[in-house]
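Report on the structure given below.
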Amino acid sequence: MTEAIPQDLLRDLTPQVVAIVTRRSGDFDAAEDAVQEALIEAVRTWPERGVPEQPRGWLVTTAMRRLVDAKRSESRRRDREHADHLAEPEGQETSSAVDDSLDVLLLCCHPSLTPASAVALTLRAVGGLTTREIAHAYLVPEKTMAQRISRAKATIKGRSLGIDGTADLAARIPAMLKVLYLLFNEGYVATEGDRLQRVDLCAEAIRLTRLARTALTRVTGTGHGELGGLLALMLLLDARRPARVDAHGAVVPLADQDRSRWRPEATREGVALVDAVIGTGRPGTYQIQAAIAALHNRAASAEETDWLQISALYGLLEKVAPGPIVTLNKAVAVGYADGPGPALALLDDLLRSCAENGDAGFADHPRVPAVRAHLLELAGDLDGAAAAYELASVRATNLAERRFLTSKAAALRDARC
């Protein structure tokens, strides 16, 4: 008789076990590999034998034995004795599960890693995904992903697993926030492939952000405003997921989405988080983005959206985290709040500024012609909008987005006939 493994059990336990095995062995790389083998063994045996009474202890013991087997230099008898000895202190672990999870997450998001490497390592060591699963999620060969993870491990080799005081913790949090944000974004609008969104990646980003917020609250005694803002942003965006594509997988723009299909429980939680974190200090990047998302989710219809306030929030975001993407998004809000004329002028100013500052390549970003097309459509220039949509479709790397942009161009061309 088979027994189903409780949902998310292994993923919840993974960072705890990695932390324990790393502390005992002093080798994060070897510990993470051993834990992956223990997870595979659990998936293979638990459904038939049943979930152990102490699953974390079982995983620790199994991983430690894998470590000993991999490094044995003495007799098999002494190896077994050593493995049994190392496994015994499970009940004596003094650190908490949330402390373990935060330690491993922060190590995987270390500032010395590139964003792509940090995301991959986080999914493996904290998310419990195999290299094959991560490679499949990012549409790259397993060998390529294995090399990326291996390089990431080499980069952080010798780094401390624990946090050395509040200053060290504060220094690592921005990188962690960025990695979690990048992970969610890859799920929300997949870089490549024929699907607009990767639900599994969005769900994993939300799960890890919840874990980080719980752990950070446990360690510091208070929540982190930006982490709460990031979780709120994810929830509010993910609430719209059921309405973002139609029955055929085609993209449905925000203004045309059936808001009755938005997930109300995610909206309620996201809005409550925004209300809780805004005003507790100087607003950060993720808090402001969450406030913008909340205005969209609160509106009963596209026509009732408070574009003036959204435009003002983008102006604040430009001051807190200036960048061309922020200004590009602001142009859309200005187009609704003040009209397409001022928005197109803002877009032209942005491209001119990028060219003058040595960032002329930003003009090639697929969202630039897509935003211009939308603004030209609002202005009634259907021919110009169609041409811009066609250019955006050529640059788009996601096939679902490309099909949407192509269909928009075709519809405008047909409207002119």
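The values are calculated or read from the model by the stated rules, or taken from the named source; none is laboratory data. Since the structure is predicted, the reported quantities are computational estimates derived from the model, not experimental observations. Counting neighbours? That spans all protein chains shown, and the Cβs are built from the backbone with ideal geometry, glycine included. SASA here: full protein model, heavy atoms, side chains in, ligands and nucleic acids out. Shrake-Rupley method; radii C 1.70, N 1.55, O 1.52, S 1.80 Å.
The table that follows gives values for the structure above.
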{"item": "Given (1) assigned to a helix (DSSP H, G or I); (2) closer than 25 Å to Glu37 by Cβ; (3) hydroxyl-bearing (Ser, Thr, Tyr), number of the condition Tyr181 does not satisfy", "result": "(2)"}
{"item": "Residues of the stretch 322-362 classified as assigned to a helix (DSSP H, G or I) and at pLDDT below 90, total", "result": "3"}
{"item": "Criterion violated by Arg207 - all others in (1) surrounded by fewer than 19 Cβ atoms within 10 Å (Cβ to Cβ); (2) free of Cβ contacts under 8 Å to residues at least 24 places away in the same chain satisfied", "result": "(2)"}
{"item": "Within the stretch 125-139, considering residues that are open to solvent by 40 Å² or more (accessible area, probe 1.4 Å) and part of a loop (DSSP other than H, G, I, E, B), the one modelled with the lowest pLDDT", "result": "Leu139"}
{"item": "Helices (runs of 4 or more DSSP H) within the stretch 218-313 that include 2 or more residues modelled with pLDDT of 95 or more, exposed (fewer than 15 other Cβ atoms within 10 Å of the Cβ) and touching a Phe, Trp or Tyr at 6+ places or on another chain (Cβ under 9 Å)", "result": "none"}
{"item": "Long-range neighbours under 8 Å by Cβ, at least six apart or interchain, first residue surrounded by 16 or more Cβ atoms within 10 Å (Cβ to Cβ) within the stretch 360-389, second among the polar types (S, T, N, Q)", "result": "Pro366/Thr397; Tyr389/Thr406"}
{"item": "Selection status of Val199, out of contact with any Ser or Thr (no Cβ under 9 Å at 6 or more places or on another chain), surrounded by fewer than 20 Cβ atoms within 10 Å (Cβ to Cβ) and within 26 Å of Leu123 (Cβ to Cβ)", "result": "yes"}
{"item": "The listed residue being part of a helix (DSSP H, G or I), open to solvent by 60 Å² or more (accessible area, probe 1.4 Å), farther than 29 Å from Leu308 by Cα and β-branched (Val, Ile, Thr), out of Thr397, Thr406", "result": "Thr406"}
{"item": "Test result for Arg159, assigned to a helix (DSSP H, G or I) and either surrounded by fewer than 20 Cβ atoms within 10 Å (Cβ to Cβ) or modelled with pLDDT of 80 or more (or both)", "result": "no"}
{"item": "Subset of the stretch 346-359 [open to solvent by 50 Å² or more (accessible area, probe 1.4 Å) and either within 18 Å of Arg395 (Cα to Cα) or of a type in the set (A, V, I, L, M, F, W, C) (or both)]", "result": "Ala355, Asp359"}
